[in-house]
Amino acid sequence: QTRAACSDSLPRLVSFAAESEANRKFLCRIDGLVPVLVDLLGNVDGGNCEDVVVVEQTTRLLHLIRNEIQDKERLMELMLKSDRNCVSSLLLVLQKGKVELKICSANLLEHIAINAEAKILIAEKDGLIQELLKLINTENDSTIVESVLSCLISISMPKRIKIKIVNLGVIKLVTKLLWEPNPVSMTEKVLKVLETASTVREGRTEICEDSACVAAIVQKVLKVSNTATEHAVTTLWSVCYLFRDEKAAEALTKANGLTKILLLMQSNCSAAVRQMARDLLKIFRINSKSCLSSYDTKTTHIMPC
């Protein structure tokens, strides 16, 4: 088919796919459809309007049917093959598309980031991580920000990508989000980004040197969700206990961390979170010999031995 024919038929396929799960399954059973869509997405330069329309419609359609494609590994291989430019096209959508299309693009990138090699191929595309971080900083729509955060979490598992994301300034960006009123699901993702960053030295250094970041994490230890609590406590445990960073421990103390940790231990938290809380209390013992003994007796009865 010519570009013009594709740009004419794609919207009809998108409408058909959007109608029902049965329609999406039907499309995925058409032999050769997915490779054709990937070819359309990959063989564009983004330089003319017709190409942009094809990229947008193809992105929409692949996003709609992605969960019905049985062979996810095959889809990943098709989209990341060196002679195709699919990640470039999805980056173009992130840069220039409407919000709905940016969400489709971020979700598709996350969907094909199924192993370490795929994550690296996506994350090392020039300008891609920068664009994801820019969207976190500039978009007011929580749905796109959440999609971008999910994509970042997915592609940042390899150590070198974690370091790259930290060096590009992710910690300051997501710290700002923690101080704002956001949906619980977004707060969980922000805390997961910070937990991921805390597993590399560069990330711990950034977190420790930003007292506002530590304070923001402490704020979210309680009253968000069990998932948020786990991510927040794991990050604090990593920087304050496991790696014994003094700046972070001071920031934890100043942010009323002792009260939060003691209250956490009285809550219905998991065994793993309880153990990390115990470990964090040891930091307070070291940093302030009197702070525990002077704490309200109603709370200190749950202090571990």
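The values are calculated or read from the model by the stated rules, or taken from the named source; none is laboratory data. Since this is a predicted model, take the numbers as computed values, not measurements. Cβ coordinates were reconstructed from backbone atoms using ideal geometry, including for glycine residues, and neighbour counts include every protein chain displayed. Remember, those area values only see protein heavy atoms, side chains included, never the ligands or the DNA or RNA. Shrake-Rupley method; radii C 1.70, N 1.55, O 1.52, S 1.80 Å.
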Fraction of alpha-carbon pairs over 17 Å apart in the stretch 13-94 - percent: 43
Considering the options VAL190, THR175, PRO158, tell which one lies farthest towards the positive end of the dipole of the stretch 146-222, charges being +1 on Lys and Arg and -1 on Asp and Glu at the Cβ, about the Cα centre. PRO158
Note, ³J(HN,Hα) from phi for the stretch 28-43, Karplus 6.51, -1.76, 1.60, rounded to Hz, x at Gly and Pro: 5, 7, 6, 4, x, 5, 4, x, 5, 5, 5, 4, 4, 5, x, 9
Roughly to the nearest percent, how much of the accessible area of the stretch 1-150 is carbon and sulfur, given a 1.4 Å probe? 47
Placing +1 at every Lys and Arg Cβ and -1 at every Asp and Glu Cβ, with all other atoms neutral, what dipole size does the stretch 19-121 have around its Cα centre, in debye to the nearest 20? 240
1.4 Å probe accessible area per residue over the chain, in Å²: 47
Share of Cα-Cα pairs in the chain beyond 30 Å, whole percent, is 42
Helical contribution to [θ] at 222 nm, DSSP H n ≥ 4, -39,500 (n - 2.57), averaged over the chain, rounded to 500: -22000 deg cm²/dmol
Which sequence of VAL52, VAL200 reflects their accessible areas, 1.4 Å probe, from the largest down? VAL52, VAL200
Residue by residue through the stretch 234-240, what is 3J(HN,Hα) from phi via Karplus (6.51 cos²θ - 1.76 cosθ + 1.60, θ = phi - 60°)? Round to whole Hz and write x for glycine and proline. 4, 5, 4, 4, 4, 7, 8
For LYS282, which lysines qualify as cross-link partners when the Cα separation must be under 27 Å and same-chain residues fewer than eight apart are set aside? LYS192, LYS220, LYS223, LYS247, LYS254, LYS260, LYS298
Would you tell me the accessible area of THR187, worked out with a 1.4 angstrom probe on the heavy atoms of the protein chains, in Å² to the nearest 10? 10
Proximal aspartates and glutamates relative to LYS125, as straight alpha-carbon distance under 18 Å, when same-chain residues fewer than 8 apart are discounted: ASP45, GLU77, ASP83, GLU110, GLU117
Backbone HN-Hα couplings from phi across the stretch 188-201 [Karplus 6.51/-1.76/1.60, Hz, Gly and Pro as x]: 4, 5, 4, 5, 5, 4, 5, 4, 4, 5, 6, 8, 10, 4
Leaving ligands, DNA and RNA out of it, rank MET79, MET157 by accessible area with a 1.4 Å probe, largest first. MET157, MET79
